[in-house]
1. If you scan region 397-413, which residues turn out to be touching a residue at least 12 places away in the same chain (Cβ under 8 Å) and in contact with a helix residue (DSSP H, G or I) (Cβ under 9 Å, 6 or more places away or on another chain)?
2. Can you find, within region 300-316, the residue that is surrounded by the most Cβ atoms within 10 Å (Cβ to Cβ) among those that are in contact with a Lys or Arg (Cβ under 8 Å, 6 or more places away or on another chain) and part of a strand (DSSP E or B)?
3. Tell me, please, whether a residue that is charged (D, E, K, R), under 30 Å from G330 (Cα atoms), at pLDDT below 95 and touching a His at 6+ places or on another chain (Cβ under 8 Å) can be found in region 221-238.
4. Looking at (1) in contact with a Ser or Thr (Cβ under 6 Å, 6 or more places away or on another chain); (2) within 20 Å of G341 (Cα to Cα); (3) in a loop (DSSP other than H, G, I, E, B); (4) touching a residue at least 40 places away in the same chain (Cβ under 8 Å), which one does D249 not meet, given that it meets all the others?
5. For the subset of region 28-55 comprising residues that are of a type in the set (S, T, N, Q) and in a helix (DSSP H, G or I), which member is surrounded by the most Cβ atoms within 10 Å (Cβ to Cβ)?
6. Which residue out of S6, S10 is within 28 Å of L291 (Cα to Cα), free of Cβ contacts under 8 Å to residues at least 12 places away in the same chain and either loosely packed, with under 12 Cβ neighbours inside 10 Å or not charged (D, E, K, R) (or both)?
7. Return only the number of the condition from (1) under 13 Å from S231 (Cβ atoms); (2) surrounded by fewer than 16 Cβ atoms within 10 Å (Cβ to Cβ) that L364 does not satisfy.
Amino acid sequence: MRVLNSNEFSSKKYFIFSESDIKIVKKIIADVERNGDKGVIKFTQRFDGVRLNRRLLRVPESYIKSSVRKIDGDLEKTFRLAIANIERFSKAQMSYLKNFTEVISNGVFCSQKIIPIDRVGIYVPSGNFPLISTLFMCAVPAYVAGVKELAVFSPPRFDGDIHPLILQAAGLLGIREVYRIGGVQAIAAMSFGTESVKPVSKIVGPGNKYVALAKKEVFGRVGIDMVAGPSEVLIIADESANPDYLAADMIAQSEHDLDASAILLTTSKKLAFRVMSALKKQIENNPNRKLISKSLEKNGCIVLCKDMSECVRISNSYAPEHLELVVKDGKGIINRLYNYGSLFVGRYSTEVFGDYTAGINHTLPTNGAARYRGGLSVFDFVKITTQLRVDKVGFDSLKDATIRLAKIEGLIGHYRAIEVRDFS
């Protein structure tokens, strides 16, 4: 873990896929496109160590429904709290999406119509831990947006089956379509369809680098939410911040994986070294200390800035997935911050709440993508379509300008499409 001066810190970060990774992913996608279920079964055995047949690819609906009865009482309360908060925030977002018609001029009517995506595939990782929260974050806003068909895909790594908690969460959400398929083969199956899998219109949900690269490869044939890189948190703090809180949040981020990054920007040298001390103490008592230590050593740092303006400049340039603002008076700073996935304001607003239960979505842009998009939301599950209606009065008001523009561009058929209607 390093303490740097601001001139030593580079805000440039780009997660690059290797040529060998690209070749592997393209090969798997092509195989599944060509061979369907056979390709899926082959790669599931190769990468997950699970031998399935076509009958076992999809989890029976009765099995999903029965799993709900096995949820522990306290755990069910936890699930329902998370679902309710995500649903409430998603409904609030949805209330700002409206159908409308605007009279542009006499006889020219332009309309907006919100149409839900018909079918969405959700990828739920299940490596070291079952990412139940990912299922909530993807499924709830999709349902609120009006998506009719949701299909969940997760690798069969738990005794040859999907983790029971993922199935229980799916059942609680009312999801009827779940597949024991993970990795690149899941993305390919969602995109092209197989004998057992109906293709989707959009794929959402995080995954490892191969899943991310597969989503990038199939984009265009299907929609995707984003191509995610390693997870990130950047914290802006002044001398008023509690070093134990900051250290805990940096550790929480670093236990994701070796490539996760945790960065603290501060104007206080005293705080920087108090955080270093707090990190050392807290890591010692964490069962994941080896992973955390390696992650912080590789990607973590504390950056000393001359003032808050420099902190803001660096943060906007870095465009973090998660941005925490822990300062005495943040009112004058918040509006100067504009590149982040989600912003967490104040000492009690730990990023972990955003991961699970607060209501905002934890599927967020990484690798600098926060420069041009926000996190997953109901807006990702609808199409904002437009309509045009022109009557004779409107036709007469638009025809001359439209013909002139079409002639300038040399598109003969375009202006003749106007002329043929000019029956006045």
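The values are calculated or read from the model by the stated rules, or taken from the named source; none is laboratory data. Bear in mind that the values here come from a model prediction, so they are computed numbers and not experimental data. Using ideal geometry, Cβ is built from the backbone for each residue, glycine included, and neighbour counts are taken over all protein chains shown.
1. Once the filter is applied, which keeps residues that are touching a residue at least 12 places away in the same chain (Cβ under 8 Å) and in contact with a helix residue (DSSP H, G or I) (Cβ under 9 Å, 6 or more places away or on another chain), region 397-413 yields L398, K399, T402, I403, A406.
2. Per the stated criteria, the residue is I302.
3. yes
4. Failing condition for D249: (3).
5. Residues of region 28-55 of a type in the set (S, T, N, Q): 35, 44-45, 53.
Next, from what is left, pick out any that are in a helix (DSSP H, G or I): 35, 44-45.
Details: N35: 14, T44: 23, Q45: 12.
Only one residue fits best here, namely T44.
6. S10 is the lone residue from the list that is within 28 Å of L291 (Cα to Cα), free of Cβ contacts under 8 Å to residues at least 12 places away in the same chain and either loosely packed, with under 12 Cβ neighbours inside 10 Å or not charged (D, E, K, R) (or both).
7. Tallying (1) under 13 Å from S231 (Cβ atoms); (2) surrounded by fewer than 16 Cβ atoms within 10 Å (Cβ to Cβ), L364 fails exactly one: (2).
The rows are residues; the columns are (1) farther than 24 Å from S377 by Cβ; (2) modelled with pLDDT under 95; (3) not assigned by TED's automatic domain parsing to the domain that holds Y63.
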residue: N99; (1), (2), (3): no, no, no
residue: K113; (1), (2), (3): no, no, no
residue: G121; (1), (2), (3): no, no, no
residue: P130; (1), (2), (3): no, yes, no
residue: E149; (1), (2), (3): no, no, no
residue: I175; (1), (2), (3): no, no, no
residue: A189; (1), (2), (3): yes, no, no
